[in-house]
Amino acid sequence: MAVPAFAPLKITADLRRRIAAALAEDIGTGDVTTQAVVGARERGRAVILARERGIVCGLPVVAEVFMAADRRLRVRCLRQEGDAVDEGDEVFEVAGSLGAILKAERVALNFLQRLSGIATLTRRYVEALSGSKTRVFDTRKTTPLWRDLEKYAVRVGGGCNHRFGLYDMVLIKNNHADAAGSLAEAIRRVRCGLRDKRRRLRVMAEVRNLREVREAVAGGVDMIMFDNLTPTQMRQALREIPSGVQTEASGGMTVRRVRALAQLGLDRISVGALTHSAPAIDFSLRYRKA
């Protein structure tokens, strides 16, 4: 199965600030254990190794964490982002001040374990859709202030990103339709509100039944999202949707369910679990003499 290429992670000034804040949270007034046990001039080397199978993701962040602890540390990635790893595989190496390595250890592993967990779970969904035209997408159900990292991990796993936030795509959800009185009225209001926009935003409508499917089609939306519809209902809806309108299923998705839905010919399936329920992949750091 070919996994789509993904752009490298951008290490922005904002990400560096968040890494610094994460280190500050953990270190506080000082790493009292390391200060007591390790000499200030003691040097060493350490490797990070996988303790279970998974897809590795987050190595650029790991490197930045160690460099934030001490810019003189020497870091080296032993695997590439998106690589499948097994128990015992070494993925990263760091050398230099042993005190700095130990101070940064937990924060580096926290980033690596979380992001690798998302990439690993995403890969399972991507593999479940192998052979179909349907692609797996994430949602906005992300950890606050981690959205860029977690959506990057989805891409590393072979998945696709939905809108990044509330500003880059129109998504008329059930609450919007109910507040407006109907989906048709919500679409009309969106069209009026977008007239003054200089850039064209894609418009997606979430639908709960065939009546709303017809309202969405009549309103000329770009994408239609089926919210918790049964396969039979989706099959009926697909017969009424023009070929130029993209279709997406959402709600309660599991690996087993997306495999069954792939035969319907949907364009997309969105899975909130990619980011809100991915179990961490276990990694550990092991000391080696320099």
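The table that follows gives values for the structure above.
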read-out	value
Close pairs from the range 79-97: first part of a strand (DSSP E or B), partner among the basic types (Lys, Arg), Cβ under 6 Å, at least 6 apart	91/79; 93/76; 95/45; 95/74; 96/72; 96/74
Selection status of residue 207, surrounded by 19 or more Cβ atoms within 10 Å (Cβ to Cβ), assigned by TED's automatic domain parsing to the domain that holds residue 269 and touching a Phe, Trp or Tyr at 6+ places or on another chain (Cβ under 8 Å)	yes
Given (1) in the same structural domain as residue 40 (by TED's automatic domain parsing); (2) free of Cβ contacts under 8 Å to residues at least 12 places away in the same chain, index of the condition residue 144 fails	(1)
Verdict on residue 119 being buried (at least 20 other Cβ atoms within 10 Å of the Cβ) and touching a Cys at 6+ places or on another chain (Cβ under 8 Å)	yes
Residue among 5, 36, 13 that alone is of a type in the set (A, V, I, L, M, F, W, C), closer than 23 Å to residue 281 by Cβ, without any contact (Cβ under 8 Å) to a residue 24 or more places away in the chain and surrounded by fewer than 18 Cβ atoms within 10 Å (Cβ to Cβ)	5
Sole residue being surrounded by 13 or more Cβ atoms within 10 Å (Cβ to Cβ), at pLDDT 95 or above and assigned to a strand (DSSP E or B), chosen from 249, 216	249
Test: residue in the range 42-57 that is farther than 27 Å from residue 155 by Cβ and in a loop (DSSP other than H, G, I, E, B)	yes
Checklist (1) outside any loop (DSSP other than H, G, I, E, B); (2) surrounded by fewer than 19 Cβ atoms within 10 Å (Cβ to Cβ); (3) touching a residue at least 24 places away in the same chain (Cβ under 8 Å) applied to residue 178, failing item	(3)
Hey, residue 41 exposed (fewer than 14 other Cβ atoms within 10 Å of the Cβ) and closer than 15 Å to residue 102 by Cα or not	yes
Those residues of the range 142-170 which are surrounded by fewer than 18 Cβ atoms within 10 Å (Cβ to Cβ), farther than 23 Å from residue 130 by Cα and not charged (D, E, K, R), in sequence order	143, 144, 145, 146, 164, 165, 166, 167, 169
Single residue of 102, 121, 109 found to be under 22 Å from residue 267 (Cα atoms) and part of a helix (DSSP H, G or I)	121
Test set (1) β-branched (Val, Ile, Thr); (2) touching a Lys or Arg at 6+ places or on another chain (Cβ under 6 Å); (3) over 25 Å from residue 129 (Cβ atoms) - residue 255 fails condition number	(3)
Where residue 66 falls short, out of the listed (1) surrounded by fewer than 17 Cβ atoms within 10 Å (Cβ to Cβ); (2) on the phi < 0 side of the Ramachandran plot; (3) touching a strand residue (DSSP E or B) at 6+ places or on another chain (Cβ under 8 Å); (4) not in a strand (DSSP E or B)	(1)
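The values are calculated or read from the model by the stated rules, or taken from the named source; none is laboratory data. From a predicted model like this one, the values you see are computed outputs, not experimental measurements. Positions of Cβ are backbone-derived with ideal geometry, glycine not excepted, and every protein chain shown enters the neighbour counts.
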